[in-house]
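These notes concern the structure reproduced below.
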Amino acid sequence: MLVRTPAPMPTESLFGYILRVSETNGYDTPRHILNYAGYERGSMRSAIFLVDKLAEILGCNVSELEAIAYYIIDENGKRTFRIRNHNLGTKLPIEFLRITKPSFCPQCVQEHKFIDAFWDLYFAVACPQHRCQLLSTCPICKMYLRWFRPGLLTCNCGTNLIDSALEPASWRGRANGYYEGETKLCINTRLAQYLALSDARTGESVIALINLANGKTW
Ligand SMILES: [Zn+2]
Ligand SMILES: [Zn+2]
């Protein structure tokens, strides 16, 4: 069992949660926790990440972590992808979850103290609250951010990511296909439309996520 076992927040990113648990326990990378729990190397490079071993070292029920899991196997052996408990079906378009190249709004992370699952979505390209583009590379070492880093806001080179200057959301946004203004959508609408059309179930979730960006519940 780990010394510190914070509970996941209802809207937290699963991999962001693993990084938060690692940081809270004083590790410089989540790799130690994954090794300790018995996960294979490379397990955090795929959405097919089962939370049972993680629940064991956290001393909590598997269902508590399944609430934020990307992939679950139910009691009948049925496998489904999920985000925030939305059923995304048995196949996941590769363009749906931003698993290997995390991005996020540093100001939101500093305010909320966790990484929201909204940033796990490829079509989330800006922060509706702070109206900035997302951080995907370290401003100092220029490397892509990785889940294997010391903390939510700490790069492997030691840089505090809250100090990153980010482009305002309105600048490059139009070229990327997202729009803001009255709807306050900070998503890549072309990608969202493509995903919404690609599969009925995924489409339902995309629409739900658009409602989230509009400040509605989903
Ligand atoms: Zn923000
Ligand atoms: Zn860096």
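The values are calculated or read from the model by the stated rules, or taken from the named source; none is laboratory data. These figures come from a predicted structure and were not determined experimentally. Positions of Cβ are generated from backbone atoms using ideal geometry, with glycine treated the same way; all protein chains shown enter the neighbour counts.
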For this session: Quickly run through region 91-106 and pick out the residues that are under 26 Å from residue 22 (Cβ atoms) and assigned to a loop (DSSP other than H, G, I, E, B).
Result: 92, 96, 98, 99, 100, 101, 102, 103, 105
Seminar exercise, completed: Reported set for region 116-146 where residues are assigned to a loop (DSSP other than H, G, I, E, B), under 26 Å from residue 29 (Cα atoms) and either within 10 Å of ligand 2 (Cβ to nearest atom) or charged (D, E, K, R) (or both) is 138, 139, 140, 141, 142, 143, 145, 146
Seminar exercise, completed: Only one of 127, 155 is within 16 Å of ligand 1 (Cβ to nearest atom), at pLDDT 80 or above and either more than 19 Å from the chain's Cα centre (by Cα) or not aromatic (Phe, Trp, Tyr) (or both), namely 127
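So that you can scan it fast, the table gives a plain yes or no per residue for (1) touching a Ser or Thr at 6+ places or on another chain (Cβ under 6 Å); (2) polar (S, T, N, Q); (3) at pLDDT 90 or above; (4) loosely packed, with under 14 Cβ neighbours inside 10 Å:
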| residue | (1), (2), (3), (4) |
| --- | --- |
| 13 | no, yes, yes, no |
| 20 | no, no, yes, no |
| 28 | no, no, yes, no |
| 41 | no, no, yes, yes |
Exercise. Among the candidates 33, 57, 68, which residue alone is assigned to a loop (DSSP other than H, G, I, E, B) and closer than 30 Å to residue 160 by Cα?
Worked result: 68
For this session: Give the residue, chosen from 204, 167, 182, that is of a type outside the set (Phe, Trp, Tyr), outside the structural domain of residue 82 (by TED's automatic domain parsing) and either modelled with pLDDT under 65 or within 17 Å of the chain's Cα centre (by Cα) (or both).
Result: 182
Exercise. Out of region 71-90, which residues are of a type in the set (Ser, Thr, Tyr) and assigned to a loop (DSSP other than H, G, I, E, B)?
Worked result: 90
For this session: Among the candidates 109, 3, single out the residue that is in a helix (DSSP H, G or I) and of a type in the set (Val, Ile, Thr).
Result: 109
Exercise. Counting only residues that are touching a residue at least 12 places away in the same chain (Cβ under 8 Å), among the basic types (Lys, Arg) and either farther than 16 Å from residue 19 by Cβ or surrounded by fewer than 19 Cβ atoms within 10 Å (Cβ to Cβ) (or both), how many does region 114-154 have?
Worked result: 2
